Amino acid sequence: MKTVTTESGIIYEFNKTNPYVIKVPSGTTMKIETYDCFQNQIQTPETEVGRIDWDKINPATGPIFVEDAMPGDILKVTIEKIEIGKQGVMVVGPNLGVMGHKIERMESKILPIKDDKIHFNDIELPLNKMIGVIGVAPEENGVNCGTPGAHGGSMDNKMITEGAILYFPVFAEGALFALGDLHAAMGDGEVSVSGVEVAGEVTVKLDVLKGDRLSHPMLENEVVFTQIVSAETLDEAAKLATSEMIERIVEKTGLPLSEITMLMSAAGHSEICQIVDPLMTARFVVPKWLLKELECTLINE
């Protein structure tokens with residue numbers, strides 16, 4: 001299996017001008033090593049968070065050039081395994097996250113990870129291993145890895161975990177795929193501006209799909225299909241995710257917009273991914289049993 005390490009190359013922004021670290025054919029399964037979102041700068045409680053290098057935040061490992069991926073295609077990314085380190089870190093600080101206006105100083109907390117539990121003081125939190133930053137080169141200018149968009153990026157969607165399949169619109173030749181910012185756990189919203197940040201390794205399979213198009217990333221797991229959208233406000237992101245999903249189902253089924261809208265209001269779900277990045281991210285979730293009843297395939301393979 002091919003492996004891309006952090007020493008192979010990291011990026012701080014997704015950009016079609018980034019030189020790739022490896023070229024692989026469609027269908028490749030590979031392991032990608034990642035730093036945590038602070039580039040492993042906070043390893044002990046004694047580290048002064050305000051004194052770390054804040055220019056080295058949210059590094060993503062890559063980019064990876066996928067052969068045959070061209071603008072207008074879809075990059076299918078199957079997340080086969082997420083392996084994480086033995087400790088995570090969380091931070092809070094002034095002007096960070098939802099409560100940053102009331103927090104007066106930077107604080108960090110080192111959280112041991114043992115026996116599939118995160119130890120927060122005397123509380124044992126369950127693991128929810130997921131990927132915060134994952135995506136491809138954007139269509140136009142570069143986008144900082146801490147900002148989400150149509151290319152993916154810092155979507156901080158807790159559903160991006162083992163067994164999930166992500167579909168990205170390809171904007172640049174080779175797609176230029178990269179990922180980073182693993183979390184041992186993160187709640188919807190990521191309200192403090194950090195999940196349980198952790199270094200690790202991710203095993204993914206990369207496939208190029210021809211003959212179908214996307215405007216924003218989609219996610220599939222065993223039970224649902226999800227449309228993910230990032231926008232300036234949460235309202236805008238949620239409404240656009242909903243409308244894009246409804247219009248895609250209408251396109252794929254040929255059924256009336258009014259009926260699909262009613263079905264989505266009855267059985268679909270509008271949910272929050274994160275509310276703390278430069279853009280807000282929301283998702284619209286549709287159960288697969290309903291798509292089966294509609295005889296609807298959302299992605300052509």
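All of the numbers you see were taken from the coordinates with simple rules; none came from a lab. The shown structure was predicted, so the numbers you read here are calculated from the model rather than taken from an experiment. As a convention, Cβ positions derive from the backbone with ideal geometry for all residues, glycine included, and neighbour counts pool all protein chains shown.
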*For residue 75, net neighbour charge (Lys/Arg +1, Asp/Glu -1) across residues whose Cβ lies under 15 Å away*: -3
*asked:* Across the chain, what fraction of all alpha-carbon pairs, as a whole percent, falls in each successive 20 Å bin from zero upward?
replied: 35, 57, 8, 0
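With a cut-off of at most 13 other beta carbons within 10 Å, and DSSP calling the residue loop, which trypsin sites (Lys or Arg not before Pro) in the stretch 68-154 qualify? Please list them. Before the final figure, lay out each step's value.
Numbers: sites: 76, 81, 86, 102, 105, 109, 114, 117, 129; in loops: 86, 102, 105, 129.
Counting only loop positions with at most 13 other Cβ atoms within 10 Å, the trypsin sites (Lys or Arg not before Pro) in the stretch 68-154 are 86, 102, 105.
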*Using the 10 angstrom Cβ neighbour count as an exposure proxy, how do 216, 183, 269, 101 rank, fewest first?*
101, 269, 216, 183
*Could you work out the relative contact order of the chain, using alpha carbon pairs under 8 angstrom and six or more residues apart, expressed as a whole percent?*
22
_Please list, in order along the stretch 148-161, the HN-Hα scalar couplings obtained from phi with the Karplus expression 6.51 cos²θ - 1.76 cosθ + 1.60 (θ = phi - 60°), rounded to whole Hz, x for Gly and Pro._
x, x, 5, 7, x, x, 7, 6, 6, 9, 5, 7, 7, 9
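Sequence gap at least 6, Cα distance under 8 Å: using those rules, report the relative contact order of the stretch 218-293 to the nearest whole percent.
Numbers: 120 pairs, mean separation 31.3, N = 76.
The value is 41 percent.
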_Compute the distance from the alpha-carbon center of the stretch 169-243 to that of the stretch 147-168, in whole Å._
1
_Show me the GluC sites (Glu not before Pro) within the stretch 189-222 that DSSP assigns to loop and that have at most 14 other Cβ atoms within 10 Å of their Cβ._
222
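How would you rank 37, 145, going from fewest to most other Cβ atoms within 10 Å of each one's own Cβ? Before the final figure, lay out each step's value.
Numbers: 37 30, 145 26.
Fewest-to-most Cβ neighbours within 10 Å comes out as 145, 37.
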*Which GluC sites (Glu not before Pro) in the stretch 1-107 pass both tests, a DSSP loop state and at most 10 other beta-carbon atoms within 10 Å?*
7, 46, 48, 104
*Helix axis angle, 257-267 relative to the chain longest principal axis, alpha carbon, degrees*: 40
*Cα centroid distance between the stretch 1-40 and the stretch 75-141, in Å?*
19
